[in-house]
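Presented below is the structure to which this report refers.
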Amino acid sequence: MENIKSYVNQHKERFINELIELLKMPSISADSAYSQDVLNTADAVKEALEKAGCNKVEICDTPGYPIVYGEKIIDSTLPTVLVYGHYDVQPADPIELWESPPFDPVIKKTELHPDGAIYARGSCDDKGQMYMHVKALEYMTQTGNLPCNVKFMIEGEEEIGSSSLAWFVKRNQEKLANDVILISDTGMISNTQPSITTGLRGLSYVEVEVTGPNRDLHSGLYGGAVANPINILTKMIASLHDENNHITIPGFYDKVEDLTAEERAEMAKAPFSLEAYKKALNINQVYGETGYTTNERNSIRPTLDVNGIWGGYTGEGAKTVIASKAYAKISMRLVPNQDWNEITELFTKHFLSIAPPSVKVKVTPHHGGQGYVTPIDNVGYKAASKAYEDTFGVTPIPQRSGGSIPIVALFEKELKSKTILMGFGLDSDAIHSPNEHFGLFNYLKGIETIPLFYKYFVEMNS
Ligand code: BES
Ligand code: MN
Ligand code: MN
């Protein structure tokens with residue numbers, strides 16, 4: 001497939017400009033103020049799929065934001081690749097920390113992206129990565145290089161838990177029937193050492209509310225005599241880890257799979273510089289569970305993190321007050337075999353049990369999902385590996401990621417097929433953060449690599 005390189009080269013300006021147009025649309029699923037923009041983005045994706053050569057494209061209504069479904073079926077006896085991605089993005093705030101507006105894409109050069117990177121919310125997660133597949137399809141249909149059937153399923157609620165997609169998948173098993181699911185919504189080690197994601201963590205996300213007195217109180221008149229919900233909440237949260245940074249919830253680790261010494265030794269072979277890691281984050285020391293390396297802590301071990309905490313007076317100056325209520329949002333990243341519903345229950349039970357009688361505690365579960373691991377001895381993985389080898393000139397390393405795409409476990413359960421996670425982002429691309437960006441090298445390399453996956457997958461299947 002020599003001509004994929006030249007096709008990308010010939011059309012790269014347009015590929016970049018089309019992505020820039022898509023990135024101008026603020027498709028923030030979490031904020032209802034942007035609901036029309038989310039819907040408009042679905043329309044734009046539909047149009048892009050039509051132009052790229054799908055012979056059927058539909059906007060599928062759901063209880064929430066629509067799913068864009070597209071397909072090009074060339075021969076029912078050939079394999080079918082199902083591409084999944086999401087057109088929604090995270091909120092942009094804190095907006096003041098962006099060096100350029102989040103929905104006004106600009107290209108800037110950086111140390112890790114000497115060829116330039118597009119700065120915009122969603123550039124890497126996931127519009128840029130999703131759009132690589134649309135352009136790869138364009139190449140394959142335009143040049144007669146599409147070797148099999150392809151289906152696209154692009155959703156608009158990934159960043160808020162994919163509940164409408166779960167609804168859709170359960171009702172459309174036949175429509176979505178496939179031989180492999182292909183997703184670019186993860187990362188790789190570096191631009192010189194590609195990796196294929198072989199694991200995702202699960203997630204349980206809860207919100208807690210601690211109520212003390214029935215109203216805010218003068219902290220002099222009442223301080224010391226009634227429970228301060230913020231003091232209590234922080235104490236309760238602090239008790240959730242012990243001195244080894246082990247999570248103290250009874251039963252939390254019961255189903256956690258321990259990797260063998262060989263598996264851990266294999267993992268440790270992936271190139272990683274602790275010095276560079278600390279430098280990039282401007283920290284003197286890393287922090288985490290005793291007995292595990294940084295890469296183990298952020299992939300094969302479960303975690304518990306406060307994502308937000310609030311209550312009391314946070315305005316200018318000082319106000320002497322004991323707040324009536326304190327709140328926190330807490331996420332637990334889970335590893336395969338831990339069941340997210342079970343973990344949510346264990347958390348709830350434990351959190352209520354450690355509350356002193358002087359406060360009332362409420363736990364509200366948000367969303368969650370199961371983790372995922374995929375073996376590397378299947379055709380999908382091998383085809384992906386060969387594709388990277390061709391375009392990067394190096395064999396990709398299998399790597400378990402710390403992030404979550406909860407819908408992947410559901411795909412396996414409902415559609416009975418394996419997911420291949422061909423991510424082209426870098427951890428340093430600042431997804432979910434201000435100044436999110438996606439390297440032009442990565443974007444174009446992705447477009448180049450994807451058609452080779454199709455080619456090898458079909459070859460290896462016949
Ligand atoms: N694309 C990310 C997940 C990701 C990023 C996995 C990098 C591996 C490497 C996805 O959009 C995401 O942000 N997922 C959420 C979970 C969701 C339920 C909100 C996450 O991981 O926090
Ligand atoms: Mn994503
Ligand atoms: Mn995301």
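The values are calculated or read from the model by the stated rules, or taken from the named source; none is laboratory data. Treat the numbers as computed from the prediction; the structure is a model and nothing was measured. When we count neighbours, we look across all protein chains shown, and the Cβ atoms used for this are built from the backbone with ideal geometry, even at glycine. Surface accessibility is based on the protein's heavy atoms, side chains included, excluding ligands, DNA and RNA. Shrake-Rupley method; radii C 1.70, N 1.55, O 1.52, S 1.80 Å.
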Open item on the list: Give all pairs with beta carbons closer than 7 Å in which a residue from the range 340-369 that is under 16 Å from Ile230 (Cα atoms) meets a residue that is within 16 Å of ligand 1 (Cβ to nearest atom); count only pairs at least 6 apart in sequence or on separate chains.
Closed with: Val363/Val206
TODO: Please give the helices (runs of 4 or more DSSP H) falling wholly within the range 247-318 in which 3 or more residues are over 22 Å from Gln370 (Cα atoms).
DONE: 261-267, 274-281
- [ ] Answer yes if at least one residue in the range 133-154 is within 16 Å of ligand 3 (Cβ to nearest atom), closer than 21 Å to Ile183 by Cα and modelled with pLDDT of 95 or more, and no otherwise.
- [x] yes
Open item on the list: Quick check on my filter: what residues within the range 169-212 are within 16 Å of ligand 2 (Cβ to nearest atom) and open to solvent by 40 Å² or more (accessible area, probe 1.4 Å)?
Closed with: Tyr205
Task: Residue among Gly288, Gly224 that is within 30 Å of Glu209 (Cβ to Cβ) and touching a residue at least 40 places away in the same chain (Cβ under 8 Å) - done: Gly288
- [ ] For residues that are under 27 Å from Ile160 (Cβ atoms) and either free of Cβ contacts under 8 Å to residues at least 40 places away in the same chain or charged (D, E, K, R) (or both), tally how many sit in the range 58-78.
- [x] 4
Open item on the list: Of all residues being among the hydrophobic types (A, V, I, L, M, F, W, C) and assigned to a loop (DSSP other than H, G, I, E, B) in the range 428-462, which is most open to solvent (accessible area, probe 1.4 Å)? Just the residue, please.
Closed with: Ile431
Task: Single residue of the range 68-95 satisfying the filter (open to solvent by 10 Å² or more (accessible area, probe 1.4 Å) and either in contact with a Leu (Cβ under 6 Å, 6 or more places away or on another chain) or under 23 Å from Leu421 (Cα atoms) (or both)) that is nearest to ligand 3 (Cβ to nearest atom) - done: Gln90
Task: Subset of the range 192-213 [among the polar types (S, T, N, Q) and more than 16 Å from ligand 3 (Cβ to nearest atom)] - done: Thr192, Gln193, Ser195, Thr198, Ser204, Thr211
TODO: Could you check Leu137 against (1) open to solvent by less than 10 Å² (accessible area, probe 1.4 Å); (2) within 14 Å of ligand 1 (Cβ to nearest atom); (3) in contact with a Lys or Arg (Cβ under 9 Å, 6 or more places away or on another chain) and say which number it fails?
DONE: (2)
Open item on the list: Within the range 293-308, does at least one residue satisfy the condition of being in contact (Cβ under 8 Å) with a residue 24 or more places away in the chain, open to solvent by 50 Å² or more (accessible area, probe 1.4 Å) and among the small types (Gly, Ala, Ser)?
Closed with: no
